[in-house]
Amino acid sequence: MSGETESVTRPDAGPVAIVLAAGEGSRMRSARSKLLHTIGGHSLLHLVCDAVAALQPSQMIVVVGYQSELVGTHATKVAPACKLVTQNDLDGPVSAIRAGLGALSPVDERAEVVIVFGDLPLLSGPTLQAMASAHRRDSDDATVLASSGGLETADDDFQATDAGAYVFDYGSLSAGLAQAGERPIEMSALVSLTKSEGGHIGTFLTDDPWQTCGVDDRVQLARLGVEFNRRQVIRWMRAGVTVIDPDSTWIEADVDLAQDVTLWPGTMLLGATSVAQGATIGPETTIKDSEVGAGATIRRSHVELAVVGAGVSVGPYARLRPGTQIGDGGVVGTFVETKNIQLGAKARIGHLTYCGDATLGDEVDIGAGVVFANWDATNRARTEVGASAIIGAGSLIVPPAEVPEGGVVQPGSLVRGASENAKRGLLEDS
């Protein structure tokens with residue numbers, strides 16, 4: 001036979017996957033798609049796409065509809081290999097599946113098609129892998145995910161759903177859709193049509209009912225969020241982290257913790273935060289997208305987009321804003337706010353100080369009530385403070401300013417630029 005043959009996805013090439021992300025989720029009462037609401041720092045859609053990715057699908061289709069541009073942009077960010085398809089009529093999941101199948105490259109009749117609703121945040125990759133294996137082992141035409149247990153909740157309206165994820169043989173799925181025609185039927189009806197055509201329907205039971213729970217409203221979003229966090233906390237405790245009060249400690253999905261970290265009550269670790277061995281965080285502390293060094297202590301403080309070195313002490317009641325870098329052994333004390341600064345090793349900003357847009361050398365000592373007036377309502381300017389310099393309490397630094405190495409700013413001084421007195425280390429340019 002001459003010429004090129006049409007590329008066909010075979011069953012052993014990995015399943016194809018269709019993620020249904022077209023619905024509005026009107027019961028969320030929200031101006032944004034339900035799929036973009038978050039649990040553990042990730043959107044519902046992100047969590048589902050991560051689970052599907054564990055299948056290593058040969059093709060991955062994400063069907064969007066409501067707010068298709070926003071949802072589609074997010075989908076390609078969290079699952080770069082996916083292909084987007086728009087469901088224009090928004091008349092149910094089966095119509096979305098039709099749209100998804102229409103975007104597939106040619107597949108073998110025996111190829112497995114994994115279909116997952118985009119609002120199952122606790123569905124895991126291993127569960128989908130086991131479900132696909134069971135489908136293949138039992139030669140099913142369709143397999144439905146179901147729960148074998150009940151949820152520990154008093155809310156009768158919050159139940160595991162016998163569905164949300166399915167595996168079909170491509171041929172059986174196509175036949176069922178053809179029999180349905182253009183009718184906007186539900187998934188249960190599609191499974192029934194497959195059975196009526198002589199197909200064998202299997203049920204894959206999970207003993208973890210949370211994996212089959214979708215999000216319909218904000219009550220369910222919160223319940224699933226609490227359960228997601230509970231699992232995160234348990235995972236880290238088993239990895240060697242001490243959590244004093246698991247119920248009041250929140251750890252998002254991308255956080256990384258070393259052994260012998262201690263988390264006190266009221267701690268929230270968000271985004272891509274990492275905490276090195278032996279650090280102590282809390283109580284009542286929030287850290288987002290930051291690095292915390294070994295043996296550091298941060299108490300009753302807020303830290304965002306900052307780097308905190310080894311052995312550093314922060315707080316209580318400090319605020320480290322984006323761009324803050326604290327060198328090893330440094331101290332940022334009570335009611336101190338920093339922004340876009342580099343504080344050298346063993347340097348100290350003790351208390352009641354604002355320090356922004358500054359570079360401070362090793363072993364600098366900043367007294368109480370010092371203000372770095374880095375903003376004049378038009379421009380920002382930087383201050384340079386040399387190693388071992390001392391700035392006395394109540395001083396006002398008006399940048400651009402420079403304090404030389406070993407310089408001493410007398411308490412209550414006003415420092416502008418680098419005066420002759422400043423150069424001699426007698427800072428009192430007032």
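The values are calculated or read from the model by the stated rules, or taken from the named source; none is laboratory data. Worth saying up front: this structure is predicted, and the values here are computed from it rather than measured. All Cβ positions, even for glycine, are placed from backbone atoms using ideal geometry, and neighbour counts span all protein chains on display.
Listing for the model above:
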| read-out | value |
| --- | --- |
| Neighbours by Cβ (under 7 Å, 6+ apart or cross-chain): first from region 207-219, charged (D, E, K, R); second not in a loop (DSSP other than H, G, I, E, B) | Asp216/Arg27; Asp217/Arg27; Asp217/Met28; Arg218/Met28 |
| Residues (closer than 21 Å to Phe168 by Cα and either of a type in the set (Gly, Ala, Ser) or without any contact (Cβ under 8 Å) to a residue 24 or more places away in the chain (or both)) located in region 42-73 | Ala51, Ala53, Ala54, Ser58 |
| Conditions (1) part of a loop (DSSP other than H, G, I, E, B); (2) free of Cβ contacts under 8 Å to residues at least 60 places away in the same chain; (3) not β-branched (Val, Ile, Thr); number of the one not met by His351 | (1) |
| Residue pairs meeting the criteria (Cβ under 6 Å; at least 6 apart or on separate chains; first of a type in the set (Asp, Glu), in region 392-403; second modelled with pLDDT under 95) | Glu402/Ala418 |
| Matching residues, region 125-147, being part of a helix (DSSP H, G or I) and more than 17 Å from Ala111 (Cβ to Cβ) | Gly125, Pro126, Thr127, Ala130 |
| Flag for Asp207 being more than 30 Å from Arg110 (Cβ to Cβ) and surrounded by fewer than 20 Cβ atoms within 10 Å (Cβ to Cβ) | no |
| Evaluation of Val215 against (1) surrounded by fewer than 17 Cβ atoms within 10 Å (Cβ to Cβ); (2) assigned to a loop (DSSP other than H, G, I, E, B); (3) not small (Gly, Ala, Ser) (one fails), failing number | (1) |
| Residue satisfying all of: in region 91-110; outside any helix (DSSP H, G or I) and modelled with pLDDT of 90 or more; farthest from Ala22 (Cα to Cα) among these | Leu104 |
| Answer from Ala401, Ala387, Ala368 - the residue that is assigned to a strand (DSSP E or B), small (Gly, Ala, Ser) and within 22 Å of Gly327 (Cβ to Cβ) | Ala401 |
| Region 219-249, subset of a type in the set (Gly, Ala, Ser) and not in a helix (DSSP H, G or I), residue nearest to Leu123 (Cα to Cα) | Ala239 |
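Conditions tested, residue by residue: (1) among the small types (Gly, Ala, Ser); (2) at pLDDT 95 or above; (3) surrounded by fewer than 21 Cβ atoms within 10 Å (Cβ to Cβ).
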| position | (1), (2), (3) |
| --- | --- |
| Arg29 | no, yes, yes |
| Leu35 | no, yes, no |
| Leu44 | no, yes, no |
| Val48 | no, yes, no |
| Ala53 | yes, yes, yes |
| Val63 | no, yes, no |
| Ser68 | yes, yes, yes |
| Thr73 | no, yes, yes |
| Lys77 | no, yes, yes |
